[in-house]
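Enquirer: Sharing a structure with you now.
What follows draws every value from the coordinates through simple rules; no lab data is involved. Just so it is clear, the model here is predicted, and its values are computed rather than measured. No Cβ is skipped: glycine too gets one built from the backbone with ideal geometry, and neighbour counts run over all protein chains shown.
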There are 2 protein chains.
Amino acid sequence: MNLKPIVSVMTAVYGVGIAQAQTPPPPLSAADSDPMKMGWMIGSPPPADKRIKATDMTHYSFPQIRWSFANFRQVLPTTNIGRGDGSPALLPHSERTDIDGITFTPTGGTATMTWAQALDANYTDAIVVLHKGQIIYERYFGVMSSRQPHIAMSVSKSFFGTLGAILVGEGKLDENALVSHYIPELKDSAFGDATVRQVLDMSVGVKYSENYADPDAEVWKHVRAGGVFSRPAGYDGPTSFYDFLLTLKKEGEHGQDFAYKTVNTDVLGWLIRRVSGKSVGEVLAERIWQKLGAEQDAYMVVDSNGTEFAGGGINLTTRDMARFGEMMRLGGRFNGQQIVPRTVVDEIRKGGDKAKFAKAGYTSMPGGSYNNMWWVSHNANGVFSARGVHGQTIYIDPKAEMVIARFASNPVAGNEQSNTVSYPAFQALAEHLIATL
Amino acid sequence: MNLKPIVSVMTAVYGVGIAQAQTPPPPLSAADSDPMKMGWMIGSPPPADKRIKATDMTHYSFPQIRWSFANFRQVLPTTNIGRGDGSPALLPHSERTDIDGITFTPTGGTATMTWAQALDANYTDAIVVLHKGQIIYERYFGVMSSRQPHIAMSVSKSFFGTLGAILVGEGKLDENALVSHYIPELKDSAFGDATVRQVLDMSVGVKYSENYADPDAEVWKHVRAGGVFSRPAGYDGPTSFYDFLLTLKKEGEHGQDFAYKTVNTDVLGWLIRRVSGKSVGEVLAERIWQKLGAEQDAYMVVDSNGTEFAGGGINLTTRDMARFGEMMRLGGRFNGQQIVPRTVVDEIRKGGDKAKFAKAGYTSMPGGSYNNMWWVSHNANGVFSARGVHGQTIYIDPKAEMVIARFASNPVAGNEQSNTVSYPAFQALAEHLIATL
């Protein structure tokens with residue numbers, strides 16, 4: 001989240017400037033920020049103060065994100081990821097009524113909370129829970145519906161990490177080769193002497209801050225280059241994702257630390273395009289989407305060269321995201337076919353280097369690791385997950401035979417705080433499912 | 001077609017400026033302008049001279065339109081028109097091999113031409129011919145495929161004219177009411193004292209030139225306001241479709257002449273939104289698209305307020321456009337249900353005022369008329385059609401039980417010249433089908 005637009009919106013809403021209020025008031029609650037109630041983009045035309053667009057950054061300001069995260073194609077150019085001609089893979093619906101009342105204690109807290117309360121606490125836009133492949137719980141809030149795609153943010157990374165691992169398995173990408181072997185253009189950048197494996201596991205030494213609370217962090221320059229964020233007057237920086245990647249400087253050594261940096265996925269996207277001769281959306285469609293029995297097309301945000309935002313630009317429906325999670329839970333087999341090789345799924349679930357991960361200081365997943373752009377808990381249930389800013393997630397619990405696909409528009413970008421609620425809630429549901437078998 | 005970008009591209013391609021060449025060379029042929037051969041937007045990244053974007057108008061320059069007309073969502077913001085959850089309505093495929101060789105004489109010409117030659121002459125991107133509901137001919141060129149949507153340009157008008165006629169039939173829109181009754185904001189514009197019927201039949205007296213050959217014509221200001229065309233530096237005109245409509249001045253009297261002006265459809269779109277409380281894309285989805293058994297979602301180009309370009313912004317697949325035509329041929333009944341009331345289809349087919357139409361001077365349809373945003377030939381076969389610049393068309397021949405859906409990217413915007421080839425070709429095919437029953 002870029003704090004600047006948040007702050008400016010808060011100033012507009014509360015009538016207080018930063019100078020007057022060192023501590024801004026808390027953001028609107030989920031109920032109070034409901035996008036239908038706020039009336040975003042309703043009317044012909046919508047009133048001026050109810051319009052959301054990319055040019056003034058309202059599309060990335062809270063509470064407008066409660067509308068825009070479900071409507072990115074309406075403010076930015078996009079490409080389609082076609083579902084193909086097959087029938088959707090059936091997800092039988094068997095709603096359980098014993099979930100909303102499940103209680104748990106948030107990490108570091110003392111008071112208990114219910115599952116239903118957690119949905120609000122995390123600004124949930126949509127959630128689908130699968131148990132043994134059946135939809136046991138499905139909720140849509142605000143402008144979301146079963147047919148409406150929502151931006152997946154960095155959950156996108158896990159899609160492309162999976163594709164990358166597939167290509168490595170097939171020998172189309174050599175994980176020990178240098179990035180510059182495939183992309184000579186990156187020879188003089190931070191990535192020139194990094195290996196494909198270091199990119200896949202995010203252990204590249206590159207000067208790039210992913211601190212969402214810092215408006216000057218490189219992650220914001222990255223999305224500004226790609227046009228996802230608008231550019232200030234007089235902007236003279238890079239104007240495409242690739243041009244941004246070329247500017248990145250080395251910092252530290254490759255392979256030493258796990259350092260979660262979105263640029264890795266955009267470099268991975270470039271690698272996939274270079275070895276496939278196709279866009280990453282085409283590769284995703286051919287390799288996964290058209291086999292998955294998705295209900296709807298997905299789409300990707302693109303820059304002005306038509307280059308997709310691999311690090312965070314997939315938009316898809318909640319059920320389709322759940323299908324992808326279910327396929328991964330089932331070892332890559334879904335909809336009557338082996339979509340991702342079992343060996344790739346096993347490698348992902350086995351996880352990465354725990355020591356490197358520990359040093360990175362993610363408190364929400366102690367003992368965890370990261371590899372192939374997936375978060376691996378190494379907990380008793382074998383949970384592994386995909387995570388995106390503002391609360392997007394695919395949470396896969398193999399022991400409980402449970403997959404959760406959740407979209408959210410939390411005012412805070414980073415998930416460490418919201419995961420103190422989400423993870424205990426998800427774990428409590430998993431234990432409940434195991435206990436009530 | 002805006003001549004400015006065409007000329008600049010020709011200058012780039014041929015190395016001659018306007019000063020040197022009073023008569024520019026002819027544009028590249030269909031074969032030579034094939035977008036795959038030209039390599040538009042291929043590569044990671046595409047070479048600088050192979051990129052197409054809206055900001056520099058390459059998306060609306062020939063030969064780039066041969067790529068961009070199939071990829072508008074990649075350069076502009078869009079909204080989805082969902083096909084719903086039902087199965088596609090089957091279009092049985094029964095390819096005939098006796099069509100490419102059909103010969104005809106273009107209007108005003110002496111030499112004969114074959115059907116296959118006509119495809120090239122008209123820069124056809126995609127064509128589907130239905131005979132008695134079966135696909136008897138289907139071709140895709142360049143970057144088109146059966147799954148790829150293409151911009152329909154003013155064929156969009158016939159979709160919204162049909163919706164408007166439905167709402168009139170239901171009493172939700174009073175055709176005799178003034179536009180300002182529904183849209184008080186337009187009271188002081190040209191449309192304030194025009195009736196809904198005059199809008200539907202395009203007999204509004206408004207200062208607005210649709211002369212595509214004139215770079216200063218209001219039609220270009222219209223699309224510039226909506227962001228479909230980029231705005232020059234220092235631009236201080238309207239920045240949304242609605243804001244543009246507010247500026248229009250009356251010229252002449254309403255109801256006197258047929259005057260084909262795209263603004264009428266955008267006013268109609270506003271009327272539909274105002275009485276439905278929904279976007280026109282939502283109304284189109286609910287009323288037609290989700291009932292039609294479309295194979296794919298369609299989509300619409302929108303301005304920065306999320307307002308769809310009703311006058312020309314629908315993008316859809318060729319087969320789905322053929323389904324819409326087939327539904328109209330069958331009196332509104334298709335896919336097992338009455339989608340458009342029979343009375344509405346009958347009214348459209350009956351046509352409008354021939355005398356008014358004659359005065360407008362369309363040589364390609366002598367004795368024709370226009371009503372509810374459809375072109376009616378009044379010929380022996382009862383042909384009626386939807387038409388869009390650069391060769392988009394739905395051509396419905398009830399006597400021959402034939403529907404043609406065609407997308408094209410002709411370098412010339414206006415269809416009068418290309419129709420000297422298209423109409424005789426379509427008529428020859430119709431006669432052939434009747435003769436070989």
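Enquirer: What nm distances, shortest first, do you get from the label point of residue B:237 to those in the other copies when the point sits 7 angstrom along Cα to Cβ?
Expert: 3.3
Enquirer: For region A:228-297, report the translational diffusion coefficient in µm²/s to the nearest whole number, using Stokes-Einstein at 37 °C, 0.692 mPa s, and a Kirkwood Rh over Cα pairs.
Expert: It diffuses with D of about 217 µm²/s by this estimate.
Enquirer: Let me ask something else about it. Any chance you could tell me what percent of the C-alpha pair distances in region B:149-212 go past 17 Å?
Expert: Across region B:149-212, Cα pairs with separations above 17 Å total 49 percent.
Enquirer: Okay, moving on. In whole angstrom, how long is each semi-axis of the equivalent ellipsoid of region A:20-74, when you take the square root of 5 times every eigenvalue of its Cα gyration tensor and sort them from largest down?
Expert: 21, 13, 11
Enquirer: Another one. Quick check for me: using +1 on Lys/Arg Cβ and -1 on Asp/Glu Cβ, what's the dipole size of the protein assembly as shown about its Cα centre, in debye to the nearest 20?
Expert: 440 debye
Enquirer: Over 18 Å between Cα atoms: which of A:249/A:359; A:172/A:354; A:132/A:354; B:350/B:399; B:221/B:249 fall into that group?
Expert: Over 18 Å apart, Cα to Cα: A:249/A:359; A:172/A:354; A:132/A:354.
Enquirer: At residue B:359, with labels set 7 Å past Cα in the Cβ direction, how many nm apart are the copies from this one, shortest first?
Expert: 8.3
Enquirer: Hey, another quick one. Per residue, what volume in Å³ does the convex hull of the Cα atoms of region B:18-131 enclose?
Expert: 210 Å³
Enquirer: What gaps in nm, shortest first, separate residue A:437 from its twins in the other copies when you place the label 7 Å past Cα toward the beta carbon?
Expert: Copy-to-copy label distances for residue A:437: 6.9 nm.
Enquirer: What translational D, rounded to a whole number of µm²/s, comes out for the protein assembly as shown from Stokes-Einstein when the hydrodynamic radius is the Kirkwood one over Cα pairs, at 25 °C and 0.890 mPa s?
Expert: Reported coefficient: 86 µm²/s.
Enquirer: With only alpha-carbon atoms in the gyration tensor, what are the semi-axes of the equivalent ellipsoid for chain B, in Å, largest first?
Expert: 29, 28, 22
Enquirer: Compute the separation of the alpha-carbon centres of region B:162-179 and region A:324-385 and state it in Å as a whole number.
Expert: First find each Cα centre; the distance between them is then 57 Å.
Enquirer: Check cross-link reach from residue A:37 to the lysines: straight Cα distance under 20 Å, and skip same-chain residues fewer than eight apart.
Expert: Here the lysines satisfying the reach criterion relative to residue A:37 are A:50, A:53, B:278.
Enquirer: Between region B:229-265 and region A:188-215, how many Å separate their Cα centres?
Expert: If we compute the Cα centre of each part, the gap is 50 Å.
Enquirer: Please get the size of the charge dipole for chain B, origin at its Cα centre, with Cβ charges of +1 on Lys and Arg and -1 on Asp and Glu, quoted in debye to the nearest 20.
Expert: 300 debye
Enquirer: If you don't mind, another one. Mind checking region B:233-339 for trypsin sites (Lys or Arg not before Pro) that DSSP puts in a loop (not H, G, I, E or B) and that have at most 13 other Cβ atoms within 10 Å?
Expert: B:249
Enquirer: Then there's this: Over the alpha-carbon set of region A:284-330, divide Rg by the Kirkwood Rh and report the Rg/Rh ratio to two decimals.
Expert: Looking at region A:284-330, the ratio lands at 1.01.
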